[in-house]
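Here the structure comes first, spelled out in structure tokens, and everything after it is commentary.
The values are calculated or read from the model by the stated rules, or taken from the named source; none is laboratory data. From a predicted model like this one, the values you see are computed outputs, not experimental measurements. Positions of Cβ are backbone-derived with ideal geometry, glycine not excepted, and every protein chain shown enters the neighbour counts. For the accessible areas, the whole protein counts, side chains as well, though only heavy atoms, and no ligand, DNA or RNA atoms are used. Shrake-Rupley method; radii C 1.70, N 1.55, O 1.52, S 1.80 Å.
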Amino acid sequence: MRKRLPLIILLWFFVDVYFFSAVCTLTSNSFILWGYWLFDVTIVVAVVNAFAGISRNRRPPQRLIAWLMALLLLSFIPKLVAMPILLIEDVTRIFRHFPPRSIWISQLAMAVAAIPFMGLLFGLTRGGHYYKVKTEILYFDDLPEVFDGFTITQLSDIHSGSFTSEKGVQKGIDMVNAQNSDIILFTGDLVNNKASEMDRWIPYFAQLKAPMGKYSVLGNHDYGDYMRWESEELQAANLRRLKEIHGEIGFKLLLNEATTIEKNGQSIALIGVENWGKGGFHKYGDLKKATINVPESSFKVLMSHDPSHWEAVTLEYDQHIHLTLSGHTHGMQFGFEFLGIKWSPIKYVYKQWAGLYKKNGRFLYVNRGFGFLGLKGRVGIWPEITVITLKRKP
């Protein structure tokens with residue numbers, strides 16, 4: 001990201017200058033014109049300083065980064081959306097000997113820019129707790145009969161260190177419990193960095209209820225790898241405390257291990273691996289170790305935080321993993337989903353980034369995340385509570 005920052009700022013400046021021509025067409029008020037540039041230059045300077053601090057291992061507070069990202073989006077995206085209108089007019093101006101920019105075109109550009117601006121404003125102020133329940137029904141030939149209709153609620157990427165609204169979190173907890181699922185599975189990233197981020201929220205997440213249990217795995221942020229610790233011992237103590245918190249909120253944490261979910265004399269295998277990610281992410285996950293005592297004939301559900309693990313390891317694994325549950329991507333917390341069409345910039349990084357995928361008779365579901373990180377809220381890709389129903393093919 002740091003390498004791309006100069007290019008991003010250059011693009012931002014170009015769009016700013018271009019949109020400024022429409023502002024000048026509509027007003028000559030010096031307060032507005034100077035305020036336009038003062039606002040944007042302040043954001044640019046703050047962003048550059050923040051990244052400079054990161055490069056010197058002096059990471060700015062997470063909340064400051066979140067606010068800067070929010071202001072950056074509010075400044076840039078509406079202008080970018082409106083810019084094609086101004087470009088089209090300029091093409092016609094070439095053939096008209098460059099008359100002054102049309103007032104009504106400038107007004108139209110402002111009106112168009114207002115639409116994404118209001119959408120962004122909603123997402124950044126309300127989107128963090130605008131929970132959506134996503135449901136899927138999956139059919140299997142070899143699902144044990146007594147598990148026909150078995151329901152799983154999946155949560156992922158809570159990132160409790162980003163929460164500030166007790167009312168908003170309680171809303172999400174109540175929605176989870178309202179699903180009345182048989183089991184609740186959490187696929188990692190309970191915190192941003194420190195176990196202490198959960199202290200305030202333990203009573204809330206302890207309210208989660210499921211008659212057949214609650215299970216969890218770790219995500220990449222849970223290990224505390226993204227901050228500087230005074231010693232390795234402190235980082236290790238932080239991880240130990242985080243593991244204890246899983247128990248305090250009623251979750252059985254699976255660390256490269258499997259457990260059996262039994263019902264009326266039949267069972268399915270629930271497998272949980274530690275984080276395994278592509279590229280520079282740590283590969284703590286060990287699927288072989290986790291399944292060493294799992295019979296080949298078992299129906300298997302795997303919890304693995306990073307969806308890249310599915311294509312890199314799970315699909316080619318010698319045991320058939322029927323369903324993998326992941327999170328991690330957050331859908332980048334930015335994009336759109338409309339009439340079955342979904343898009344986010346994260347799709348250019350992760351092939352499987354949100355929702356259901358199937359390959360070679362194996363399913364992967366990527367949860368969009370319960371919380372948020374970096375961006376203060378969500379825009380278009382809303383926080384998710386997933387409910388999956390397992391069905392036996394007739």
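Before I look further, what does segment 204-344 give for accessible area per residue, probe 1.4 Å, in whole square angstrom? Counting only protein heavy atoms, the per-residue value for segment 204-344 is 46 Å².
For segment 192-206, backbone phi angles converted through the Karplus equation (6.51, -1.76, 1.60; θ = phi - 60°) give residue-by-residue couplings of 7, 8, 10, 4, 4, 4, 8, 3, 5, 9, 4, x, 6, 6, 5 Hz, Gly and Pro being listed as x.
Probing with 1.4 Å while keeping every protein chain in the model, the per residue accessible area of segment 1-160 equals 58 Å². Summarised in one figure, the compactness ratio Rg/Rh of segment 308-394, Cα atoms and Kirkwood Rh, is 1.00. Hydrodynamic radius of segment 217-294 by the Kirkwood approach over all distinct alpha-carbon pairs: 14.1 Å.
Proximity of backbone amide H atoms, modeled 1.01 Å from N, is registered between F299 and A269 at under 5 Å, excluding neighbours fewer than 5 places apart on the same chain. Between I385 and K132, V133, K134, the built amide H atoms are under 5 Å apart, and every one of these is 5 or more places off in sequence or on another chain. When each of the peptides 242-250, 353-361, 319-327, 298-306 is scored by how many other beta carbons lie within 10 Å of its residues on average, the order from highest to lowest is 298-306, 319-327, 242-250, 353-361. Here the contact order of the chain, divided by its residue count and restricted to Cα pairs under 8 Å and six or more residues apart, works out to 21 percent.
Expressed in nm², what is the orientationally averaged projection area of the convex hull enclosing the Cα positions of the chain?
For the chain, averaging the hull's shadow over all directions gives 22.9 nm².
If you take all other residues with their beta carbon under 12 Å from the beta carbon of L124, and give Lys and Arg +1 and Asp and Glu -1, the sum is +3.
Can you bin segment 162-270 into rounded, prolate or oblate? Criterion: square roots of the alpha carbon gyration tensor eigenvalues sorted a ≥ b ≥ c, rounded for a/c under 1.5, prolate for a/b above b/c, oblate for the rest.
Verdict is oblate for segment 162-270.
Working note: Cα atoms of segment 219-371, range along each principal axis, descending, whole Å: 47, 43, 28. Structural descriptor for segment 302-394: relative contact order 30 percent, calculated from alpha carbon pairs under 8 angstrom and at least 6 residues apart. With a 1.4 Å probe and all protein chains left in place, how much of the accessible area of the chain comes from carbon and sulfur atoms, in whole percent? Carbon and sulfur together cover 61 percent of it.
Each 5 Å bin, from zero up to the one with the longest distance, holds this percent of the alpha carbon pairs of segment 137-209: 3, 14, 22, 22, 14, 9, 7, 6, 3. Each part gets one Cα centre, and for segment 62-93 versus segment 178-237 those centres are 36 Å apart. Near the amide H of V273, within less than 5 Å, lie the amide hydrogens of N256, M303, all on another chain or at least 5 residues away, with H placed in the peptide plane. Estimated from the Cβ-Cβ distance and a Förster radius of 41 angstrom, the FRET efficiency linking K347 and V91 is about 0.85. The mean sequence separation of alpha-carbon pairs under 8 Å and at least six residues apart, normalised by the residue count of segment 185-258, gives a relative contact order of 42 percent.
A straight chain from N180 to L315 at 0.36 nm per residue would run longer than the Cα-Cα distance by 45.5 nm.
A simple count of charges around I88, restricted to other residues whose Cβ falls under 14 Å of its Cβ and scoring Lys, Arg +1 and Asp, Glu -1, yields +1. Pop the C-beta distance of E244 and Q207 into the FRET formula with R0 = 25 Å and round what comes out to the nearest 0.05. The formula returns an efficiency of 0.85 here. Which of the GluC sites (Glu not before Pro) found in segment 288-342 are in a DSSP loop and have at most 14 neighbouring Cβ atoms, other than their own, within 10 Å? In loop regions of segment 288-342 (DSSP not H, G, I, E or B), the sparsely surrounded GluC sites (Glu not before Pro) are E296, E316. Inter-part distance, segment 333-378 to segment 270-314, computed on C-alpha centroids, equals 19 Å.
G272 sits among other residues whose Cβ lies under 10 Å from its own Cβ, and their net charge, with Lys and Arg +1 and Asp and Glu -1, is -1. Remark: segment 218-230, residue by residue, has Karplus-estimated 3J(HN,Hα) of 8, x, 4, 6, 6, 7, x, 7, 9, 9, 8, 10, 5 Hz, where x stands for each Gly or Pro and the curve is 6.51 cos²θ - 1.76 cosθ + 1.60 at θ = phi - 60°. Rounded to the nearest 5, the antiparallel percentage of DSSP beta bridges internal to the chain is 40%. Taking every DSSP helix (H) stretch of at least 4 residues in the chain, weighting each as -39,500 (n - 2.57) and dividing the sum by the residue count yields a mean residue ellipticity at 222 nm of -12000 deg cm²/dmol. Backbone geometry of segment 66-80 corresponds, through the Karplus equation with coefficients 6.51, -1.76 and 1.60 at θ = phi - 60°, to 3J(HN,Hα) couplings of 4, 5, 5, 4, 4, 5, 4, 5, 4, 6, 9, 4, x, 5, 5 Hz, x marking Gly and Pro.
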